[in-house]
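The values are calculated or read from the model by the stated rules, or taken from the named source; none is laboratory data. What you see is a predicted model, and the numbers here were worked out from it, not measured in a lab. Every residue, glycine as well, gets a Cβ built from its backbone with ideal geometry; the counts of neighbours run over all protein chains shown.
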Amino acid sequence: MRFRSIRFVSFLMAVFLMIGVAGFSQKTALLADVAFMKGHWLGTFNGGPIEAFWAAPVGDNLTGFMRMMRDNKVTMYEMLIFEQTEQGPIVLVKHFKPGLISVEEKEISDRYRFIEAKKDQALFEKQDGSIRIIYEKRSENQLVIQRGNQKEGKWVFVDLFVFDRVQ
């Protein structure tokens, strides 16, 4: 009888452990996982300054934009919207040339789905699986956006934008 009790208790412990693990693995990421991006940031890209602003998450979104310049003239605007979904945050990206002329078609934006988050870091993958983007706050005053591509079956990331916080 004692042996059956031990087996029953072991069985219950295993069930509770599996339920706990399943619950943990199904945790949905939140916009709070990318709130570290909030602020005004400045860097250099393609021979000119690049400036980024991200607002704090409010409701179901975190909104940001970037402005790329060369020779004191804008070369590109980029609008980034992080939206909360049931599967976690997604990133919607739209690019504009000077004159606010859309690069993508009117109803189209690049879409990135959430993969994972760590403290001060979030990984997203483009809808077609071709690109991965890491947003990472490396220090209180440095934000980096890395771009990843598949090479020989592994994701290889390089710094795309390196920003310093504007004080």
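Of the residues making up the range 102-113, at least one is aromatic (Phe, Trp, Tyr), touching a Leu at 6+ places or on another chain (Cβ under 9 Å), under 19 Å from residue 66 (Cα atoms) and surrounded by 13 or more Cβ atoms within 10 Å (Cβ to Cβ).
To keep it simple, each residue is scored yes or no on (1) touching an Asp or Glu at 6+ places or on another chain (Cβ under 9 Å); (2) closer than 14 Å to residue 37 by Cβ; (3) not aromatic (Phe, Trp, Tyr).
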| position | (1), (2), (3) |
| --- | --- |
| 63 | no, yes, yes |
| 68 | yes, no, yes |
| 78 | no, yes, yes |
| 85 | yes, no, yes |
| 90 | yes, no, yes |
| 95 | yes, no, yes |
| 102 | no, no, yes |
| 106 | no, no, yes |
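Cβ-Cβ distances below 6 Å connect the following pairs, each with a first residue in the range 27-50 that is in a loop (DSSP other than H, G, I, E, B), a second residue that is surrounded by fewer than 17 Cβ atoms within 10 Å (Cβ to Cβ), and a separation of six or more residues or different chains: 38/56; 47/70. I'm trying to understand the selection: among the residues of the range 82-123, which are of a type in the set (A, V, I, L, M), modelled with pLDDT of 90 or more and in a loop (DSSP other than H, G, I, E, B)? Passing the criteria: 100, 103. Checked against (1) of a type in the set (A, V, I, L, M, F, W, C); (2) in contact (Cβ under 8 Å) with a residue 60 or more places away in the chain; (3) under 23 Å from residue 165 (Cβ atoms), residue 114 passes all but a single condition, namely (3).
Quick grid of which residues meet (1) under 22 Å from residue 74 (Cα atoms); (2) of a type in the set (Val, Ile, Thr); (3) under 14 Å from the mean Cα position of the chain (by Cα):
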site	(1), (2), (3)
102	yes, no, no
109	yes, no, no
116	no, no, yes
120	no, no, yes
124	no, no, yes
129	no, no, no
133	no, yes, yes
139	no, no, no
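Taken over the range 129-167, residues that are under 22 Å from residue 48 (Cα atoms) and either outside any strand (DSSP E or B) or of a type in the set (Gly, Ala, Ser) (or both) amount to 3.
Working only within the range 119-167, note down all residues that are touching a residue at least 40 places away in the same chain (Cβ under 8 Å) and crowded, with 18+ Cβ neighbours inside 10 Å. Matches in the range 119-167: 122, 133, 135, 137, 143, 161, 163.
Sort out which residues of the range 57-69 are part of a strand (DSSP E or B) and loosely packed, with under 14 Cβ neighbours inside 10 Å, and write them in order of number. Matches in the range 57-69: 58 only.
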